1. First check a/c for the stretch A:607-724, with a ≥ b ≥ c the square roots of the eigenvalues of its C-alpha gyration tensor; if it is under 1.5, answer rounded, and if not, answer prolate when a/b is larger than b/c or oblate otherwise.
2. Explain nothing, just compute: Karplus ³J(HN,Hα) = 6.51 cos²θ - 1.76 cosθ + 1.60, θ = phi - 60°, for every residue of the stretch A:249-261 in order, whole Hz, x for Gly and Pro.
3. Could you go through the stretch A:138-143 in sequence order and give the Karplus-derived ³J(HN,Hα) for each residue, using 6.51 cos²θ - 1.76 cosθ + 1.60 with θ = phi - 60°, rounded to whole Hz, and x for Gly and Pro?
4. On alpha carbon coordinates alone, what is the Rg over Rh value for chain A, Rh being the Kirkwood radius?
5. Could you order peptides A:435-444, A:471-480 by the average number of other Cβ atoms within 10 Å of their residues, highest first?
6. How far apart, in nm, are two points set 7 Å out from the Cα along the Cα-to-Cβ line at A:Arg685 and at A:His727?
7. In deg cm²/dmol, rounded to 500, what helix-only [θ] at 222 nm does chain A give when every DSSP H run of at least 4 residues adds -39500 (n - 2.57) and the total is split over its residues?
8. Using a ≥ b ≥ c from the Cα gyration tensor of the stretch A:1-245 (square roots of the eigenvalues), is it rounded, prolate or oblate, where a/c under 1.5 gives rounded and otherwise the larger of a/b and b/c decides, a/b for prolate?
Amino acid sequence: MLQLLIFHAVLAVIAPLIVHRFGRQAFLVAALAPASAFVYALWSTPAVLAGNGPQSVIPWVPALGLEIALRMDTLSWLMLLIVSGVGVGVFIYCSAYFSRDASGLSRFTGVLTGFAGSMVGLVLADDLMLLFIFWELTTVFSYVLIGHYFDRKTSRRAAMQAIMVTTAGGLTMLVGIVILGVMSPGGFRISALLADPPSGGLITAAAVCLFVGAASKSALIPTHFWLPGAMAAPTPVSAYLHAAAMVKAGVYLIARFTPIFSTLTVWTWLVIVLGGGTLLLGGYRALRQHDLKLVLAYGTVSQLGLIILITGLGTQAAALAGVTMILGHALFKAALFLTIGVIDAATGTRDLRRLSGLGRAMPTVAVTGALATASMIGFPPFLGYVAKEAALEGLVHDGVPGQPSWVAILVIALITCGSILTVAYGARFVWGAFATKTRQSVIPIPATTADGSPAVTSLVRSEDITHPTWTLKAPGLVLAVLGLVVGVMPSAVEKYLASYAATSSVGDPGHLTLWAGFGIPFWLTLTILGLGAGLFFARRTVESFQAAVPNAQDTERAYRRFMRGLDNLAADITAFTQRGSLPYYLSVILLFMVLTVGSALVFTQGDMVAIKLWDSPAQALAVLVIIPAVIMVSRARRRLKAIVLMGFAGYSVAALFLLHGAPDLALTQVLVETVSIVVMVLVLRRLPPYFSDRPLKTSRFARFALASVVGLIAMGLAVTIPNARIHESVTVDYPQEAYEFGGGKNVVNVALVDMRAWDTVGEITVLLVAATGVASLIFLSRRSGDIYRLNQSPEVIESQQVWSSGSVPGPAAHAAQESFSELVTTTGATQLRSGARFRKWIRAGQTLAPQRRSIIFEVVARLLFHSMIIFALFLLFSGHNAPGGGFAAGLVVGIALIVRYLAGGRYELGEAAPVNAGVLLGLGLFLSAGVGLLGIVLGGEVLQSVIIEFTVPILGDIKFISTLFFDIGVFLLVIGLVLDVLRSLGAEIDTHIDSLGEEGARR
Amino acid sequence: MIDTTPSLMLVIAVGAFFISGVYLVLERTLTRVLLGVILISNGVNLLLLISGGRAGGAPIVGVTPDEDMADPLAQFMILTAIVITFGLTAFILAMAYRSWQMLGHDEVQDDLEDRRIARLAARNAPTVEGSDTSDVTDISVDDEASAARDDIADGRTP
């Protein structure tokens, strides 16, 4: 059975490809999916009849107890036959129905196949959770199919309405499912639940929840309105989903659980009130529709009410009549919808006020329609008649279980009235579709359509009617004829379906028969047919009456009011919470912190506030720098001043780290602080030198108050957290582990690259993202900027002197240039500009604007660069045993690059690091995370370090640790980050400035 | 268990960083917000350091006896935090520059979309024009559906 589902899924996925290849004929290929299910159901018939239908259980998510449990009993078998049989017909029909260039056919085919698959899964599922999943899948597929013409507002509205209503019901059902699954000793297994039903108040609640789900799916009142709206879907969808298959899911659920729930009074009354009400309402409203599809849609609503009313009662006879009716309804209603499609294709309209003379023009179609309608109105000897007779007979014989006899009379009266309406709208359908009209309709066709364009109001002329192919006509005809053929052999049907009815323990076994004698049912049937015909002949009066009575029902309007209200509420809440102001958001977050953490601190016990003055007196020195620095940072009005002061505070923190016994932290903090300051200055040279004006004083005061409270809480935390500690640190064994397993002495670095390596992978990923973010904010259209190399043509370099703007050409600049020339001469570096390499301190010096050059800086850069690289390598390789490591090493290289850049501009940077930053970033992440997989290869865990020791002559023992690669990865990634930042915030902003300068000069 | 009594000096430093940082973060200038974030992260790093317990020797085997080491747990958490703060700094700087490029300043403006929603909410107008549930028309969906037609083959072609 699982293979069936997989086959459906595969066909659904490749359907677009098939459509691409075969056009609309692809439906014939896709029809293989339901056909396979149909054949399988037929093949399983003997086994199902013998009571041992196929079943399979496959573990799915064992940790959650989820299983793919599938099982085919009589009810599932019947549903599978209906779903797949009608499916085959609809798929074949589709291959001729849509025009060759219809929009979205590939999507449609895939979704329809997917729907067929989920329907198969729904009826076969033996696990409540699995059932729910397929249930929701059908909802979603139905949404896509109703909204097939998504460019039409009608389709979108209808689809949205359908999914909102059915999903709300589905979620309610989920509550019921969870209750049942928890209460039932067999868990979520349906067969176990049915065999050993739990009881109690909660189970009653679960039953109601399940009924709500079924009612929303099967369009019972008050949720009935989505089904007529769903007629915005293409007609084959209406035939398949909204007549035969999906709406039957609700009926299926009722049929499945009635045997155990029918003893609950609330269940019986829900069935009677909602089923009976829907039966009457649908029939009444069908009588006033002019669109053939809507006549049938309301008819379907009515019939679904009838089927649930009968199926949900719970006696054996009613159960047998109910499932027979499910079969009968699927056959005739699908046939009728397909007929409408044929009419629509042949005439171009579905309005029964315009259709005339079709019976003569298309006799086959007319016969199909008439046969199907006869079954619908319960005309002997069709299947619909057999089912309804059995239902009435059962009610007369057994009554409604657990209820007084007047309830049975009420139900009989409901069925009779509903059936009268059914006869009337059935006749109206046949008359409207096929009769030759002579008189004007009571309600005239509106002269304009919904969008205001003039509508065609004339009758369809017989010469305009085209003749549809047999591919269109056959599926409906076969289904309609089946309704007759099956109807005339009731005992055979009874033989196959009796085992379902037997699952109910109430009442005597019912029977299906064509002639039950002159009992009450006989007279009721006569009454139904007679009064129904009378109602049809009085149709003009009925129409006038319905037109005069205002449409007082509408739950649809209530639904729309509700949705609108929800929309408004959402907007109000959004407007209240999303103020769009960053300070506001931050204040809310901070206030929340103050309230929660602060209130916890208030109740702190007194023994948690122990404190000592200092760990070492030197701490006081650092704090003495920090306090004035931060005060001045927050008061500073010049950007540069604020940044420099920030640096003071940052370096002091590094000192605190060092005093605390954290040399790695101190090293990293110093390096990061340095890089940060340079980068900030690079950006801030473009921003205005002063911050913009301060807001009002009151808000400053409020900000300061909030800041003080948050600061006090942070101090409170700083006192409380260490005192609250009651356990030894988790790191107590780290030193030993680091040495034994990680192969390193520096605990912090071994932890970073080995014990906590996953954290580090996450961290460097963040860095990569940040670097990419910076580059994308500056470069906008590319991943990264140009690498400025000296081998570009000299003219380009000459014409775009680096840092040339910002100095007005004039005497001062001239003087500067002269003095520079002098400097060049006196330092003996005259050849600098002539390109003699051996005399250059740095390679790209001549690309700078002359007034920007500093020979001292160039010399320093030249001397420092290589030493810094060596130092970085030392840090990298010694980091396992001494302070250092990938981060620090990468930052040192970054600073070396910064020095080169500051001394020689963007060309110098390009010469110093002629690689793309993205390459470094990617390579770094690959080395770190990718080499982590080596641990798996060598039989350990991801990122587990591998230590290989070997002896090389002369060099001695060499200890190789795989985490070195990890550290090298971090190293490269950090270099990439700094390079990316320099390229974007340095070099790219340079070009912005220089090009602006040129523009300024040209003006 | 190692001595965890906090040092007053560090506690004061935490407070100083938090107060000035929060004060700056609540500003509207992006550069100031950035400074605030950096200050707060310094404060948080110190907070982590304090929660690791007393000062000690560098956690390097062979240099410091195991029992004298400062807690390495706090240290590698802080190390991660420092580097990530740098990534964040670079990103906010790029944002500030971009904001300056586009608007001529680096002030954080109120979000226009949020203000629009607030205005719409005030007069109960639909938030999304033409959304499928927002309009209360008297035409029910089924009446509209009756006018919808499919992409049908006209029947003449076999």
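1. Values: a/c = 2.67, a/b = 1.28, b/c = 2.09.
Note, shape of the stretch A:607-724 comes out oblate.
2. 4, x, 4, 4, 5, 4, 4, 5, 9, 4, x, 9, 9
3. Karplus-based 3J(HN,Hα) across the stretch A:138-143 equals 4, 4, 5, 4, 4, 4 Hz.
4. Checking Rg against Rh, the ratio lands at 1.15.
5. Sorting A:435-444, A:471-480 by mean packing, highest first, produces A:471-480, A:435-444.
6. 5.2 nm
7. -22000 deg cm²/dmol
8. oblate
Read-outs throughout are calculated quantities, based only on the coordinates presented, and are distinct from any laboratory measurement. Please read all numbers here as calculations on a predicted model, not as lab measurements. With ideal geometry, Cβ positions are generated from the backbone for all residues, glycine too; neighbour counts draw on all protein chains shown.
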